Amino acid sequence: DFEIDAASVIVREGDKRYRLPKTDAIYDRPFADGWPRGIREVVTERVHMNAHGTIYEVPYHDAGGFRRMRPVCTHGKQIGDFASWRGMLVLTGVLADAPAGEHIYRADGNAAALWFGDVDDLWRMGAPHGVGGPWRDSAVKANEPSDPYLMAGYRAMKLTLSHQSAAPVTFTIEIDFSAERMWCEYKKLTVDPGKPATHEFPAGYSAHWVRLKADTDTTATAE
């Protein structure tokens with residue numbers, strides 16, 4: 001359901017490619033029992049995706065699909081699978097020593113355990129966070145935009161830019177505010193060789209996607 005490279009998590013929808021933050025390196029490889037489930041419908045006409053420690057809400061394709069996705073929580077847990085059952089959300093990945101209770105139900109002999117709750121309980125599992133971007137030591141062609149990288153749903157955002165060219169490179173930051181693929185120029189940053197530049201977006205700044213362009217061919221990192 002998704003891919004992982006050095007820069008970020010990648011999801012594809014038709015010929016479109018979107019990039020999402022990464023969290024802990026443990027999610028770069030399968031768990032002991034295999035890769036966790038990525039995407040499943042748990043609310044009518046609304047799917048959820050569990051990717052690299054973050055759960056996202058993804059509308060159906062005719063309501064925007066991945067273009068309108070948003071993060072719900074960054075849980076940092078080994079959730080291997082999830083489903084809906086009689087109106088409840090069900091998660092696997094319960095700790096072996098977690099006691100049975102309001103949310104946790106155990107099989108006879110403690111052979112297995114599941115977590116049961118409301119889908120809105122996901123909002124309480126940790127604020128969305130992560131690190132990533134469209135480029136990580138990537139070959140960049142002049143004036144060719146990067147893949148979109150998710151901004152929606154994160155409380156604070158900081159961009160770090162660097163490159164491997166011998167002369168300064170000017171990068172253009174473009175923003176899609178409404179998830180309608182209507183890109184607007186936000187800012188230009190000129191980055192000197194060997195001197196990474198950083199930009200902190202203002203507190204409360206809200207946009208859905210960000211992408212970058214360079215004014216020359218180079219090898220760049222945008223994180």
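State the number of lysine pairs found in the chain whose Cα atoms come within less than 18 Å, restricting to pairs 8 or more positions apart or on distinct chains.
11
Could you sort T221, T92, T44 by accessible area so the largest value comes first, with the probe set to 1.4 Å? Mind dumping the intermediate values first?
Values: T221 20, T92 50, T44 120 Å².
Most to least solvent-accessible, the answer reads T44, T92, T221.
For Q164 and E200, calculate 0.36 nm times their separation in residues minus their Cα-Cα distance, and state this gained length in nm to one decimal.
Values: separation 36, 0.36 × 36 = 12.96 nm, distance 2.22 nm.
So the extension gain works out to 10.7 nm.
Efficiency by 1/(1 + (r/R0)^6): what FRET value for S84 and K187, r their Cβ-Cβ distance, R0 = 41 Å, to the nearest 0.05?
Values: r = 42 Å, r/R0 = 1.04.
Here the calculated transfer efficiency is 0.45.
Explain nothing, just the number: dipole magnitude of the chain about its Cα centre with +1 on each Lys and Arg Cβ and -1 on each Asp and Glu Cβ, in debye rounded to the nearest 20.
Numbers: 26 positive and 31 negative charges, 70 e Å.
Magnitude of the dipole: close to 340 debye.
List the residues, sorted by chain then number, that are 5 or more residues from L89 or on another chain and whose placed amide H is less than 5 Å from its amide H.
Those qualifying (amide H under 5 Å, at least 5 residues apart or on another chain) are G117, D118, V119.
Heavy atoms only, 1.4 Å probe, whole protein assembly: order D176, D147 by accessible area, highest first. Can you show the working numbers first?
Working: D176 5, D147 30 Å².
Accessible-area ranking of D176, D147, largest first: D147, D176.
Collect residues whose amide H, placed 1.01 Å from N in the peptide plane, falls under 5 Å from the amide H of G132; neighbours closer than 5 in sequence don't count.
Here the answer is K22, since their amide H atoms fall under 5 Å of that of G132.
Measure off 7 Å from each Cα along the Cα-to-Cβ vector at F116 and R155, then give the distance between these two points in nanometres to one decimal.
3.2 nm
Evaluated at 37 °C with a viscosity of 0.692 mPa s, what Stokes-Einstein diffusion coefficient in µm²/s does the chain have when Rh comes from the Kirkwood expression over alpha-carbon pairs? Could you put the intermediate results ahead of the total?
Working: Rh = 18.9 Å.
In µm²/s, the coefficient rounds to 173.
From the phi of every residue in the range 197-211, what ³J(HN,Hα) in whole Hz does the Karplus formula 6.51 cos²θ - 1.76 cosθ + 1.60 yield, where θ is phi - 60° and glycine or proline is x?
Each residue of the range 197-211 in turn: 10, 10, 9, 9, 5, x, 4, x, 5, 10, 7, 8, 9, 10, 9 Hz.
Could you pull out every residue, at least 5 positions away or on a different chain, whose amide H is within less than 5 Å of the one on W183? Hs are placed 1.01 Å off N in the peptide plane, and Pro or chain starts have none.
none
Which order do R67, R46 take by accessible area at a 1.4 Å probe, largest first?
Numbers: R67 40, R46 70 Å².
Sorted by accessible area, descending: R46, R67.
Which whole-Hz couplings ³J(HN,Hα) result when phi for each residue of the range 132-149 is put into the Karplus expression 6.51 cos²θ - 1.76 cosθ + 1.60, θ = phi - 60°, listed in order with x for Gly and Pro?
Each residue of the range 132-149 in turn: x, x, x, 10, 9, 6, 9, 6, 10, 9, 4, 6, 9, x, 6, 4, x, 10 Hz.
The values are calculated or read from the model by the stated rules, or taken from the named source; none is laboratory data. Source: prediction; values computed, not measured. For neighbour counting, all protein chains shown are included, and Cβ atoms are generated from backbone atoms with ideal geometry for every residue, glycine included. Accessible surface areas use protein heavy atoms only, side chains included; no ligands, DNA or RNA. Shrake-Rupley method; radii C 1.70, N 1.55, O 1.52, S 1.80 Å.
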